[in-house]
Amino acid sequence: MASSSRRNRDDGGLIVALDGPGSSGKSSVGAAAALELGYRFVDTGLLYRAVTWLAIRRAIAAEEVAGLVELVAEVELAPDDQGRLARVLVDGSDVTEEVHSEEVDARVSAVSRVAELRAALLERQRAMAAAGRIIVAGRDIGTVVLPDASLKIYLDASVEERARRRAVERGLDPDGPEEAAAVLVELRRRDELDRTRPVAPLRPAADARILVTDRNAFEDTVAMVVETIGEAEAADAAGRPSRRDAGRGVGGAERRGRDRLAEAPIEGGLTPLIRIVAWGARLIASAVTRVRVEGDLGAIPRVGPVILAANHASNADPVIVGAWLTPRLGRRIHWLGKKELFDWPIVGWMARHGGVHPVDRSTADLEAFRLARRILDEGHVLMVFPEGTRSPDGALQEAKDGAAMLALRTGAPVVPIAVADSDRRWPKGHLLPRPGGRVTMRVGEPLLLTDVPPEGADRKAAKGMATRRLMGAIAALLPDRQRGVYATDAVDRLHAETATPPHGDRRATGV
Ligand code: C5P
């Protein structure tokens, strides 16, 4: 997908992601700005609305996933008289007006939470943007659909102001207490659903330019957007980072370097070989020790990006996680592994065929981060050990911020995993494992780290808070002796949630 989200170098136009909550003005402002700049425009919300409208007509509930996904083939966006993809066709009839009904408003956010539907619409949206010189409006364009967009804008306004605008649009009196209150309640409900969904929640991309429009007249916001795009075009043409890029993680130079790479898409399915490797690893591990798996594996998303994050105390950890989770998930787990691993007998062979991507440690950080991000942006499962290296004594060590940064930038849910007592079976510094005993892998509830930092937290503080939240969750799944530097976080978390004991009473889901 990476190639579809890049700017079209021939016509000098950019791919602009324009996200924001309901009634923030994305559609109207985006369309007007596109007209002024000679850009194409597409409103992706129409796709979700069209599917919802059809689902209502056919009495298909949001839980009937396969039925919803089938509707995608019947929906089409067509250009209006100004060339904007703003008309909705269903089986050839124009239903643009119908998809904006209150009935659709009320149902659309429940429908758009369905991960499989989002996955089915993903390539459609990317294909529409592929030719470049386009503004793409939506909720997850900068974070999921086009994470490499040349420019990301997030339009925002207070919920009260957005409700007022929506009331005016609907021809209601924005100051009429009952009508305005009803619109406000409905908008709040939809925002909440869009922000809290596990896949592609509404939030600004880490590198988005946020424009708050409360006090603006419509024309002011259009002018701001036109100016922002103009600035980015000029910066891009001059081959230097735009103001937006300066001081941010992904600089213009890096972005251009990435543009030059013709990257093959990353595979997400399971090959027979991966199944065999997982089965073989399970056989070997079971011959050495008893492995117990606890936690709700069914809560791990079956589609979309997911980060699996585990403590690291032994060479046995990746073997156990890969061997037991791969068949249960039915998805390929991607790993970043030091490239020396590939030279080892057996382990090297397993790595090569088991979804490991070699990383050169001497130049690793930026390259590894970029690769990890691409794995998630393309909707796959990534396994990480946030501590970076194996713990010398089996207890948690201070984690690096990489895993949390990935979660914050991609919006991917993170599944905390504790592998307990693997250090006793195969301690660091020992060539071979010690047979006997038991190793327990505990899988926690998926976390959305994007919900952790309070609004307005700066990036560094946000990373730190998200890392502590994640490591606290892993620590809570480990026995006391392995909680190490996160022992306090674990205890705090348990107190805060007045949870049941961290382990020992969880449902065993497999041995
Ligand atoms: O933008 P609009 O209000 O027309 O979008 C309708 C709904 O479609 C949103 O509330 C959201 O649930 C969904 N949507 C989405 N992702 C997008 C665009 C819209 O989930 N990219």
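The values are calculated or read from the model by the stated rules, or taken from the named source; none is laboratory data. Quick caveat, the model's predicted, so the values are computed rather than measured. Reconstructed Cβ throughout: ideal geometry from the backbone, glycine too, with neighbour counts over all protein chains shown. We work out accessible area using only protein heavy atoms, side chains counted, and drop any ligands, DNA or RNA first. Shrake-Rupley method; radii C 1.70, N 1.55, O 1.52, S 1.80 Å.
Data for the structure
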{"quantity": "Gain upon complete extension [A61, R370; 0.36 nm per residue less C-alpha separation]", "calculated": "107.4 nm"}
{"quantity": "Percentage relative contact order, the range 272-510, counting C-alpha pairs under 8 Å, at least six apart", "calculated": "27 percent"}
{"quantity": "Helix-only [θ]222 nm of the chain, DSSP H runs n ≥ 4, -39500 (n - 2.57) each, per residue, nearest 500", "calculated": "-13000 deg cm²/dmol"}
{"quantity": "Environment charge at L270 (Cβ cut-off 14 Å; Lys +1, Arg +1, Asp -1, Glu -1)", "calculated": "+4"}
{"quantity": "Karplus-derived 3J(HN,Hα), 6.51/-1.76/1.60, for each residue of the range 407-424, Hz, glycine and proline x", "calculated": "5, 5, 6, 9, x, 5, x, 10, 9, x, 10, 10, 9, 9, 6, 5, 5, 6"}
{"quantity": "At R0 = 22 Å, FRET efficiency that the Cβ-Cβ distance of R481 and K428 yields, to 0.05", "calculated": "0.90"}
{"quantity": "Sequence-distant residues sharing a close amide H with R87 (under 5 Å, placed H)", "calculated": "A78, D80"}
{"quantity": "Burial order of peptide ranges 426-438, 321-333, 278-290 (average beta-carbon count within 10 Å, highest first)", "calculated": "321-333, 278-290, 426-438"}
{"quantity": "Sorted peptide list for 143-149, 53-59, criterion being average Cβ within 10 angstrom, highest first", "calculated": "143-149, 53-59"}
{"quantity": "In the range 38-72, the GluC sites (Glu not before Pro) that fall in loop regions by DSSP, at most 12 other Cβ within 10 Å", "calculated": "E63"}
{"quantity": "Of all accessible heavy-atom area on the chain, the percent that carbon and sulfur account for (1.4 Å)", "calculated": "55 percent"}
{"quantity": "Whole-number D in µm² s⁻¹ for the range 272-510, Kirkwood Cα-pair radius fed into Stokes-Einstein, 25 °C, 0.890 mPa s", "calculated": "137 µm²/s"}
{"quantity": "Accessible surface, per residue, of the chain when the full set of protein chains is kept, probe 1.4 Å, Å²", "calculated": "44 Å²"}
{"quantity": "Ratio of Rg to Rh over the range 95-201 (Cα coordinates, Kirkwood Rh, two decimals)", "calculated": "1.00"}
{"quantity": "Gyration tensor verdict on the range 12-239 (Cα atoms; rounded if a/c is under 1.5, prolate if a/b is larger than b/c, oblate otherwise)", "calculated": "oblate"}
{"quantity": "Sequence ranges 79-88, 176-185, ranked by mean other-Cβ count within 10 angstrom, highest first", "calculated": "79-88, 176-185"}
{"quantity": "Potential extension, R215-E231 segment - 0.36 nm per residue separation minus Cα distance", "calculated": "3.5 nm"}
{"quantity": "Simple spin-label estimate for L35 and E160 in nanometres, 7 Å along Cα-Cβ", "calculated": "3.1 nm"}
{"quantity": "Rounded, prolate or oblate (a/c below 1.5 giving rounded, otherwise prolate when a/b exceeds b/c) for the chain by Cα gyration tensor", "calculated": "prolate"}
{"quantity": "Nonlocal amide H pairs with V306, under 5 Å, H built at 1.01 Å", "calculated": "H380, V381, L382"}
{"quantity": "Mean separation of Cα contacts under 8 Å (6+ apart) over length of the chain, as relative contact order %", "calculated": "15 percent"}
{"quantity": "Shape call, the range 411-491: gyration tensor on alpha carbons, a/c limit 1.5", "calculated": "prolate"}
{"quantity": "Cut-off under 5 Å, modelled amide H: who pairs with L447 long-range", "calculated": "V414, V415"}
